[in-house]
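Student: A single structure is presented below for examination.
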Amino acid sequence: MIKRPTLLNKGDQIRIISPSSSIARVDGFNENLRAKKRLEALGFRVSFGRHILENDVFYSISIVSRVEDLHDAFLDEQVKAVMTTVGDNNSNELLPYINYDLLTMICLQNTPRFFVAIQIRRVCIMPSEQKLA
């Protein structure tokens, strides 16, 4: 049976990742610090994927780096929620590389995570949800 994540509490960690496009595409890291500060003002701890600052000529990040940040966020037991900087554009590139068994295992254990994203959920997470149904 799928376990639901517990509500977020002050002090919980939220991990920010960019599984679709580079954070540079949405005005860069410094411009997005406002969102980090707002989350911290609500009492959350905010961390970023290791590859959040990577950027190429197409405002993207390598597939390997994006998948690594996604997996790392779900594997880190300190992370209670995963948020994305932007969704959709290149997220379909990740499909063959996502470890859906890993995501399913996490959902079945006592450590499920909230996944807050724009459109990318249907690409990256729904296949795991379908396995659980």
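Student: Would you point out the residue of the range 26-59, among those that are closer than 13 Å to I16 by Cα and aromatic (F, W, Y), that is modelled with the highest pLDDT?
Tutor: By that ranking, first place goes to F44.
Each row is one residue, and each column tells you yes or no for (1) buried (at least 20 other Cβ atoms within 10 Å of the Cβ); (2) under 16 Å from R15 (Cα atoms); (3) polar (S, T, N, Q); (4) modelled with pLDDT under 80.
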| position | (1), (2), (3), (4) |
| --- | --- |
| A73 | yes, yes, no, no |
| E77 | no, yes, no, no |
| R122 | no, no, no, yes |
| M126 | no, no, no, yes |
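Student: Here is a further query. If a residue must be touching a Phe, Trp or Tyr at 6+ places or on another chain (Cβ under 7 Å) and either modelled with pLDDT of 75 or more or in a strand (DSSP E or B) (or both), how many such residues does the range 16-25 contain?
Tutor: Going through the range 16-25, the residues touching a Phe, Trp or Tyr at 6+ places or on another chain (Cβ under 7 Å) turn out to be 16, 21-25.
Checking which are either modelled with pLDDT of 75 or more or in a strand (DSSP E or B) (or both) leaves us with 16.
Qualifying residue count for the region: 1.
Student: Here is a follow-up. Give me the residue from the range 90-100 that is surrounded by fewer than 17 Cβ atoms within 10 Å (Cβ to Cβ) and modelled with pLDDT under 85 and, out of that set, farthest from N55 (Cα to Cα). Step through it out loud before you land on a result.
Tutor: Quick first cut of the range 90-100, residues surrounded by fewer than 17 Cβ atoms within 10 Å (Cβ to Cβ) only: 92-93, 95-97, 99-100.
Next cut, modelled with pLDDT under 85 only: 92-93, 95, 100.
Details: N92: 18, E93: 16, L95: 20, Y100: 26 Å.
Only one residue tops the list, namely Y100.
Student: Let me confirm something: among D101, D69, which residue is under 22 Å from P5 (Cβ atoms) and in contact (Cβ under 8 Å) with a residue 40 or more places away in the chain? Can you show your working first?
Tutor: Values: D101 fails: in contact (Cβ under 8 Å) with a residue 40 or more places away in the chain.
Only one candidate qualifies: D69.
Student: Given (1) touching a strand residue (DSSP E or B) at 6+ places or on another chain (Cβ under 9 Å); (2) closer than 17 Å to I98 by Cβ, where does S47 come up short, assuming only one miss?
Tutor: For S47, the exception is condition (2).
The values are calculated or read from the model by the stated rules, or taken from the named source; none is laboratory data. Owing to the predicted nature of the structure, the values given are computational and were not obtained by experimental measurement. Because the Cβ atoms are built from the backbone with ideal geometry, glycine has one as well, and the counts that use them run over all protein chains shown.
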